[in-house]
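Visitor: Structure below; questions to follow.
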Amino acid sequence: MTFERFPLDARVRAGIQSAGYSEPTPIQQQAIPPILAGRDLLGIAQTGTGKTAAFMLPILQRLLANPGRGVRALILAPTRELAEQIHQATRIFGKRTGVRSVAIYGGVSKVRQVEGLRRGADVVVACPGRLLDLAGERSLDLSRVEVLVLDEADRMCDMGFLPDIRRILKLVPQRRQTLFFAATMPDEIRTLADSILHNPATVQIGVIAPPKTVSHALYPVSSGLKKQLLLAVLERRAAGRALIFTRTKHRARSLARDLDKQGYRVQQLQGNMTQNRRQDAIDGFRGNKYDILVATDVASRGIDVAGIAHVINYDMPDTADAYTHRVGRTGRAEQTGEALTLAQPEDEPIVRQVERVLGEPLQRLRLADFNYEGFNPESRPKGDGNGSGKPRPRPSNGNGRRQNVPRARRNGARRARPRR
Ligand code: AMP
């Protein structure tokens, strides 16, 4: 099907063309009609499904169909990166519409944001904290909001924004359309959704499993050997661009430095960096200045960079959900990608959770010719659900390396090689 099926203004169609979309993604197919009809929506979808256009195209259509004044659409997002990304997408989709969007988030000066609001904004894309700040200073009037979007509502709650969201709900009109998106629906999120949505249409895409376009591999390793194993994996397995996740800001910084010393074109992305430096890191990665970005979970939320061949979990995430979010950075919009995880024996409980979500065991791999110094990557810790207590057979061509050539290399992608 094409976008022609939706009753959209020619100026909105022009925006779809500017974005280069020819066919709506499943969430767009299912969510656009009820949103255009004015209904509330509960969208259970992970990142990378195309949900931004799913809510923004009908919002633009509404703004054009009934001209009005003031901030008429408010989009709340958990991180600055995601807010900025939605704002940029709005500018592309809205290029021919005259609709003005302003992004509001902390970590940068308020002045330009307040000026943007003064000039007149139809759409505000915001993180909750700074939004409340500006509303408190009366730089922002939310009394004309017709559509409220909560994007990645589950993440916002994880990050402690629930009280802020409740405050914001009091500042927007009761009579409005509300669009609520979350990748997961734990009880707290379900309760929040139930309390603010009226007879919503529900659209669920791909439950919580990572995109099917991503393949998953696990490299068991002891903590002392992790760095060497990563270097070996990068050298031999990780073709194309790689996004590497660490558990802490400090580990992101130190790993990025080590990789830099090894000659990789690498940048870090973590919460202690200023907003400008973070944006530079993302832009540099997007613009191929860097082949590797070493990031923490929070800082990386909403990174939308095409063609990330590999997501590498240098540290195992804390939850299966976080795993899904991380690996969702690759394999986006139907491209293929690979998730590589360096797992220590103590990560086994999370590994099992991830396997449950995936519905299949993760492939356990031993890197050939790597000196494991007595560590046996094929032995699974006791009580791992394998049942037999025996090592799990690994797919092998005899030399311990995977038989299939990495997809990215098959596609002729560049290898993230050290500069010499
Ligand atoms: P989102 O889930 O909104 O962050 O979108 C994920 C990625 O898919 C972004 O890079 C979008 O530009 C891209 N995308 C969204 N909708 C489409 C579409 N209909 N056709 C092609 N790419 C799309």
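Throughout, read-outs are computed from the coordinates displayed, never taken from laboratory work. The structure displayed is predicted, hence computed values, not measured ones. Neighbour counts are summed over all protein chains in view; Cβ atoms, including those assigned to glycine, are modelled from backbone coordinates with ideal geometry.
Visitor: So, in nm, how far is label R118 from label A306 when the simple model puts each one 7 Å beyond its Cα toward the Cβ?
Guide: 3.8 nm
Visitor: Which shape class applies to region 1-81: rounded if a/c is under 1.5, otherwise prolate when a/b exceeds b/c and oblate if not, where a ≥ b ≥ c are the square roots of the Cα gyration tensor eigenvalues?
Guide: Note, shape of region 1-81 comes out rounded.
Visitor: Expressed as a rounded percentage, what relative contact order does the chain have, with Cα pairs under 8 Å and six or more residues apart?
Guide: 17 percent
Visitor: Please give the helix 249-261 orientation as an angle from the longest Cα principal axis of the chain, in degrees from 0 to 90, rounded to the nearest 10.
Guide: Around 60 degrees separate the two axes.
Visitor: Here is a further query. Roughly what would the spin-label model give for H198 and V298, points 7 Å off Cα along C-beta, in nm?
Guide: It works out to 3.6 nm between the two label points.
Visitor: Here's another thing I want to ask about it. Give the residues of region 4-43 whose amide nitrogen is closer than 14 Å to a point set 7 Å from the Cα of K95 in the direction of its Cβ.
Guide: Answer for this model: 11-22.
Visitor: What are the residues whose amide H is under 5 Å from the amide H of V125, where those residues sit 5 or more places off or on another chain and H is modelled from the backbone?
Guide: I75, V102, A103, I104
Visitor: For S101, what charge total do you get from the other residues with a beta carbon under 9 Å from its beta carbon, if Lys and Arg give +1 and Asp and Glu give -1?
Guide: With Lys, Arg at +1 and Asp, Glu at -1, the neighbours total +1.
Visitor: Mind pulling the angle between the C-alpha long axis of helix 51-65 and the longest principal axis of the chain? Nearest 10 degrees, somewhere in 0 to 90.
Guide: 10 degrees
Visitor: Output the peptides 84-96, 61-73, 219-231 sorted from most to least packed, where packing is the average of other Cβ atoms within 10 Å over each peptide's residues.
Guide: 84-96, 219-231, 61-73
Visitor: Please label the shape of the chain as rounded, prolate or oblate, based on the square roots a ≥ b ≥ c of the eigenvalues of the alpha-carbon gyration tensor (a/c under 1.5 means rounded; beyond that, a/b larger than b/c means prolate, else oblate).
Guide: Prolate is the answer for the chain, as a/c is 1.5 or above and a/b outweighs b/c.
Visitor: Using only Cα atoms, locate the centre of region 335-370 and the centre of region 62-76, then give the distance between them in Å, rounded to an integer.
Guide: 45 Å
Visitor: List the residues, sorted by chain then number, that are 5 or more residues from V203 or on another chain and whose placed amide H is less than 5 Å from its amide H.
Guide: The list, which skips near neighbours in sequence, is L42, G43, I44.
Visitor: What list of ³J(HN,Hα) values in whole Hz, one per residue of region 285-291 in order, does the Karplus curve 6.51 cos²θ - 1.76 cosθ + 1.60 (θ = phi - 60°) give from phi, with Gly and Pro shown as x?
Guide: 5, 4, x, 6, 6, 10, 8
Visitor: Using Cα atoms only, what is the angle between the long axis of helix 187-196 and the major principal axis of the chain, expressed in degrees (0 to 90) to the nearest 10?
Guide: 10 degrees
Visitor: Quote the FRET efficiency, to the nearest 0.05, computed for D258 versus M1 with a Förster distance R0 of 41 Å and r equal to the Cβ-Cβ distance.
Guide: Working from the Cβ atoms, E equals 0.25.
Visitor: Just to be sure I understand the model, the point goes 7 Å from the Cα along the line to the Cβ. What's the resulting A19 to E360 distance in nm?
Guide: Here the modelled spin labels are 3.1 nm apart.
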